[in-house]
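Below is one structure, written out as structure tokens, with a few remarks after it.
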2 protein chains.
Amino acid sequence: MGKSMSQDSGAVQAPMVNGMDDSPRGRVLSAAARLFREKGFDRTTVRDIAREVGIQSGSIFHHFPTKEDILYAVVVEVIRFNTERLRAAMAEHEAPVEKLRALVLGEIEAIVGDTREAMSVLVYEWRCLSPDRQSEALALREVYEQLWLDTLSSLHEQGLFRDDPFIMRRLITGMTSWTNTWFHPDGNLAIGDLADMIVRRVVGEQADGNG
Amino acid sequence: MGKSMSQDSGAVQAPMVNGMDDSPRGRVLSAAARLFREKGFDRTTVRDIAREVGIQSGSIFHHFPTKEDILYAVVVEVIRFNTERLRAAMAEHEAPVEKLRALVLGEIEAIVGDTREAMSVLVYEWRCLSPDRQSEALALREVYEQLWLDTLSSLHEQGLFRDDPFIMRRLITGMTSWTNTWFHPDGNLAIGDLADMIVRRVVGEQADGNG
DNA sequence: TTACATACCAAGCGCTTGCTTGGTAGTGTA
DNA sequence: TACACTACCAAGCAAGCGCTTGGTATGTAA
């Protein structure tokens with residue numbers, strides 16, 4: 001049996017939510033991500049988080065020095081997790097257009113899929129971090145952004161779109177991040193079709209029907 | 001002289017910021033919009049707002065019953081103001097593509113121009129409103145959205161783009177609202193060029209060079 | 001057995017918060 | 001002169017907040 005989990009519902013699947021593991025620390029992070037998304041950082045009290053995890057509010061501070069450190073940890077974990085996932089998804093393709101589609105699909109999946117709470121926190125609770133913490137997280141995020149810029153620059157050099165790749169990335173960020181307000185994975189629109197539609201905003205109709 | 005404003009710096013220009021007038025109530029709203037954008041609704045205290053206006057914190061409640069009512073008023077005012085402005089901008093054009101450009105330009109101007117504080121609040125502090133207030137504001141917002149949907153539907157019927165007009169509107173909303181995080185009106189990129197670039201995401205390159 | 005670390009509880013401190021209260025000064029108007 | 005209305009002040013209350021404190025139970029290893 002090894003290290004069995006006591007009083008669990010028996011499900012072996014899904015040891016992580018939002019990219020967090022099942023340690024006490026991970027459980028706090030996952031609950032925090034959920035609550036931060038639902039109510040915002042400021043309206044979420046440490047008592048709320050503690051209640052969700054099933055411990056006393058004071059015990060939170062055994063794992064994190066301050067409430068802001070919880071937010072920072074959520075942000076760092078989700079950036080790390082999704083950078084790695086996006087890198088892997090991209091590596092499966094050769095053609096820049098297909099790489100772009102992998103990036104778009106991966107980013108949407110991060111935003112509306114299993115890391116949606118934490119991704120939402122990344123966008124909406126960003127300013128709750130101190131300036132120092134913002135810079136540190138931004139530095140981490142740069143690796144992620146470089147994946148995008150490399151791919152977009154390739155496409156641009158190949159003449160697949162005309163406009164500035166930097167601005168284009170910002171327009172894409174807008175389109176994808178806004179999906180968290182309206183897109184539901186089990187609705188009428190398939191996530192792949194949405195990704196295709198966004199890819200078309202970049203390279204036009206020439207990307208259709210390939211593969 | 002009529003109704004002169006006492007103790008003003010003498011400037012006749014710009015009687016409104018964020019679409020709010022210069023009444024005591026309007027001054028509270030304008031200060032609140034600025035602070036809500038800068039620090040978020042929850043981190044802005046009524047004492048902060050009062051200090052900005054130059055009155056005591058308790059006096060705020062002579063003008064608004066609760067702090068949430070201030071947020072709601074900011075939201076309502078900015079929706080009303082920009083709906084009217086957008087309608088006027090649209091009415092100056094006949095061709096759907098030009099109407100679309102007027103909408104895009106108007107929305108960006110609202111987001112990064114004189115109503116930027118209030119527009120930012122609209123996006124980021126939305127969830128701080130009670131569900132009831134959210135519905136009421138949403139109903140107001142629907143008039144605004146209808147301007148977009150009518151224009152996009154026309155373009156769609158004329159075959160100027162293929163994809164679903166409803167989804168297209170959501171992608172545009174993402175692109176425009178995200179500009180508040182990166183676009184600066186006096187930077188290298190002209191606001192008109194940005195608008196054109198976004199229009200191109202919708203109707204492709206066929207919109208270029210007209211007018 | 002001793003020693004130390006992890007994970008937690010129960011209680012509560014000090015501060016900030018939204019909001020209330022009771023009152024005052026200035027203005028309009030009949 | 002009397003009344004009403006708007007705009008505000010000064011003081012402070014009750015509740016909720018992040019975080020601290022001092023302690024206990026359990027596991028591990030010398």
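How do A:T44, B:T181 line up, fewest other C-beta atoms within 10 Å first?
Numbers: A:T44 22, B:T181 13.
Listed from fewest to most nearby Cβ atoms, that is B:T181, A:T44.
What's the exposure ranking of B:V143, B:V78, going from fewest to most Cβ atoms within 10 Å?
Details: B:V143 14, B:V78 25.
The fewest-first ordering by Cβ neighbours comes to B:V143, B:V78.
How shielded is A:186-193 by partner chains, expressed as the average number of their Cβ atoms within 10 Å of its Cβ atoms?
On the way: counts 0, 0, 1, 3, 0, 0, 0, 3.
Neighbouring Cβ atoms belonging to other protein chains average 1 per residue here.
Evaluate peptide B:195-201: per residue, the Cβ atoms of other protein chains within 10 Å of its Cβ; return the mean as an integer.
Details: counts 0, 1, 6, 4, 0, 5, 10.
Going residue by residue through B:195-201 and averaging, the value is 4.
For A:A190, which inter-copy label distances result when the label point lies 7 Å beyond Cα on the Cα-to-Cβ vector, reported in nm to one decimal and in ascending order?
4.3
What fraction, in whole percent, of alpha-carbon pairs in the stretch A:62-161 exceed 21 Å separation? The partial results should precede the final answer.
Details: 1987 of 4950 pairs.
The calculated P(r) of the stretch A:62-161 puts 40 percent of pairs beyond 21 Å.
Given a Förster distance of 51 Å, report the FRET efficiency between B:S23 and A:E94 from their Cβ-Cβ distance, rounded to the nearest 0.05.
Working: r = 63 Å, r/R0 = 1.24.
Between B:S23 and A:E94 the formula returns 0.20.
Just want the ordering: B:V123, B:V104, from fewest to most Cβ atoms lying within 10 Å of their own Cβ. Can you show the working numbers first?
Details: B:V123 16, B:V104 24.
By the 10 Å Cβ count, ascending: B:V123, B:V104.
Go through A:K39/B:K99; A:K99/B:K39; B:K39/B:K99; A:K39/A:K67; A:K39/A:K99 and tell me which ones have a Cα-Cα distance over 26 Å in this structure.
Numbers: A:K39/B:K99 38 Å; A:K99/B:K39 38 Å; B:K39/B:K99 35 Å; A:K39/A:K67 15 Å; A:K39/A:K99 35 Å.
Table pairs above 26 Å Cα-Cα are A:K39/B:K99; A:K99/B:K39; B:K39/B:K99; A:K39/A:K99.
Choose one answer from A:D22, A:D186, A:D164: the residue with the largest mean-square fluctuation in a GNM of chain A with alpha-carbon springs under 10 Å.
Among A:D22, A:D186, A:D164, the largest mean-square fluctuation in the Gaussian network model of chain A belongs to A:D186.
Can you list, shortest first and in nm, the gaps between the label point of A:R25 and those of its counterparts in the other copies, using a point 7 Å from Cα in the C-beta direction?
5.3
Mind listing the label-point distances from A:P65 to the same position on all other copies, shortest first, one decimal in nm, points 7 Å along Cα→Cβ?
So the label point of A:P65 gives 4.5 nm to the other copies.
Set the Förster distance to 25 Å, then compute FRET efficiency between A:L149 and B:E157 from the Cβ-Cβ distance, nearest 0.05. Can you show the working numbers first?
Numbers: r = 37 Å, r/R0 = 1.48.
Efficiency for this residue pair is about 0.10.
Do the sum for chain A: with -39,500 (n - 2.57) for every DSSP H run of n ≥ 4, divided by all residues, what is the mean residue ellipticity at 222 nm, to the nearest 500 deg cm²/dmol?
For chain A, the value works out to -20500 deg cm²/dmol.
How much length would be gained if the chain were fully extended between A:A190 and A:Q206, taking 0.36 nm per residue of separation minus their Cα-Cα distance, in nm to one decimal? Could the numbers behind the result be given before it?
Working: separation 16, 0.36 × 16 = 5.76 nm, distance 2.06 nm.
Gain on extension, A:A190 to A:Q206, equals 3.7 nm.
Classify the protein assembly as shown from the C-alpha gyration tensor, please: rounded if a/c falls under 1.5, else prolate or oblate depending on whether a/b exceeds b/c. Working shown, then result.
Details: a/c = 2.01, a/b = 1.07, b/c = 1.87.
Because a/c hits 1.5 or more and a/b fails to exceed b/c, the protein assembly as shown counts as oblate.
Values in this text are rule-based calculations from the coordinates and carry no lab data. Source: prediction; values computed, not measured. Every residue, glycine among them, receives a Cβ derived from its backbone with ideal geometry; neighbour counts consider all protein chains shown.
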